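Remarks on the structure that follows.
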Amino acid sequence: MPSYYAQIAADGRVVGRCEYPEPFEHSSLVPLTEEQYGQPGLLFARYADGVLSGTAALLTADKGELVADGADPIRVMLLVGDWMSRLDESFSGVVPVSVQGQTQPVQVSGGTATFTVTSREPGVLRIATQGLDRNAELFVKAVKPGER
């Protein structure tokens, strides 16, 4: 049975993963379970005091397009989870969110937040979280009034 490891950089960030046919010891390798090894968020995790940790975001919207009239909002939900993509109900705090390059603070409580976005300019809106270990982005189309 293979042995799974995460490669840890000096700052505690996971920078790689590897699999060996036999147990292996090295100062920069940390043993993993098979489930941890297969997690896509592993390369966004941190390792400190014998524990892997990290935050990951997910953004969803109630619709994929809006009318660019400044009055047609979309509701955006932000979920903050751990490095294994499980909702982190203990996460509370401000997450910076960028909408078309303008950053605004979004208050998260219990791992979730909901906010609205409108636009007066047609085009594709980019909504993205900042400052987490694994950030998320969402694209929404803003159409000219009368084109929908």
Solvent-accessible surface ranking, highest first, for ILE74, ILE8 at 1.4 angstrom: ILE8, ILE74
If you plug each phi of the range 119-127 into the Karplus form 6.51 cos²θ - 1.76 cosθ + 1.60 with θ = phi - 60°, what whole-Hz ³J(HN,Hα) values come out, in order, with x for Gly and Pro? 8, 10, 10, x, x, 9, 8, 9, 10
Within a Cβ distance under 14 Å of TRP83, other residues only, what is the Lys/Arg minus Asp/Glu net charge? +1
Averaged per residue, the 1.4 Å probe accessible area of the range 1-99, protein heavy atoms only, in Å², is roughly 56
Can you tell which of VAL95, VAL67, VAL80 shows the greatest fluctuation in a Gaussian network model of the chain with Cα springs below 10 Å? VAL67
Among MET84, MET77, what's the order by accessible area (1.4 angstrom probe), most exposed first? MET77, MET84
Calculate the FRET efficiency for SER28 and ARG86 from the Cβ-Cβ distance with a Förster distance of 35 Å, rounded to the nearest 0.05. 0.85
Roll a 1.4 angstrom probe over the protein heavy atoms and tell me the percent of accessible area of the chain that is carbon or sulfur. 50
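The values are calculated or read from the model by the stated rules, or taken from the named source; none is laboratory data. Nothing here was measured: the structure is a model prediction, and the numbers come from that model. All Cβ positions, even for glycine, are placed from backbone atoms using ideal geometry, and neighbour counts span all protein chains on display. Calculation scope for accessible area: heavy atoms of the full protein, side chains included, ligands and nucleic acids excluded. Shrake-Rupley method; radii C 1.70, N 1.55, O 1.52, S 1.80 Å.
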